[in-house]
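What follows is calculated from the coordinates using simple rules that are stated; it is not laboratory data. Treat the numbers as computed from the prediction; the structure is a model and nothing was measured. For neighbour counting, all protein chains shown are included, and Cβ atoms are generated from backbone atoms with ideal geometry for every residue, glycine included.
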Amino acid sequence: MRFVAGAVIVAVLLISLVVPAGSADARLDGFAKCLAERKATMYGSFYCIHCDDQKKLFGTSFQYIPYVECSFPGSREMTYSCRVAQIHRTPTWIFASGDRLEGTQQLQKLAEKTGCPLR
């Protein structure tokens with residue numbers, strides 16, 4: 001029994017050395033902040049499963065992404081901001097250049113579009 005307990009402790013210690021806590025979040029925090037600095041904005045809807053998928057790619061770092069909600073709670077009516085921005089489907093990313101991408105975007109694609117480093 002002591003051998004098993006010892007092996008478990010060693011395994012946990014090795015894993016903690018190989019996978020530092022928060023490393024992915026720290027990497028994505030910088031990336032998300034860079035997207036914000038480069039004026040990349042995501043337009044989405046609370047009921048949109050693809051928007052949820054996009055948010056999950058960023059994890060907790062999504063808090064740094066400029067985000068515009070296009071729907072009112074309890075409704076599928078589009079907000080004024082999204083009508084003015086001519087959002088037809090969500091998610092839609094709009095960049096400082098005026099270019100846009102519709103649908104869930106891989107982080108590498110956003111990095112290429114903005115020049116933000118994805119480390």
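Of the GluC sites (Glu not before Pro) in the range 29-117, the ones in a loop by DSSP (not H, G, I, E or B) with at most 12 other beta carbons within 10 Å are GLU77. For the range 23-119, run through the chymotrypsin sites (Phe, Trp or Tyr not before Pro) and keep only the ones in DSSP coil with at most 16 other Cβ atoms within 10 Å of their Cβ. Passing both the DSSP loop test and the Cβ count: PHE46, TYR47, PHE95.
Of the beta bridges DSSP finds with both residues in the range 24-114, what % are antiparallel, to the nearest 5?
Working: 7 of 10 bridges.
Counting only bridges with both partners in the range 24-114, antiparallel ones make up about 70 percent.
Phi-derived couplings, Karplus 6.51 cos²θ - 1.76 cosθ + 1.60 at θ = phi - 60°, listed residue by residue for the range 66-75: x, 10, 10, 7, 9, 10, 8, x, x, 8 Hz, with x used for Gly and Pro. Applying the criteria of a DSSP loop state and at most 14 other Cβ atoms within 10 Å to the trypsin sites (Lys or Arg not before Pro) of the range 47-112 yields ARG76, ARG89.
Working note: Karplus 6.51/-1.76/1.60 with θ = phi - 60° gives the range 93-103 the couplings 9, 10, 10, 3, 6, x, 4, 9, 10, 9, x Hz, where Gly and Pro are set to x. Which whole-Hz couplings ³J(HN,Hα) result when phi for each residue of the range 85-90 is put into the Karplus expression 6.51 cos²θ - 1.76 cosθ + 1.60, θ = phi - 60°, listed in order with x for Gly and Pro? Coupling constants for the range 85-90: 7, 6, 7, 10, 8, 10 Hz.
Modelled this way, with points 7 Å down the Cα-to-C-beta line, the labels at LEU101 and GLN86 are 2.0 nm from one another.
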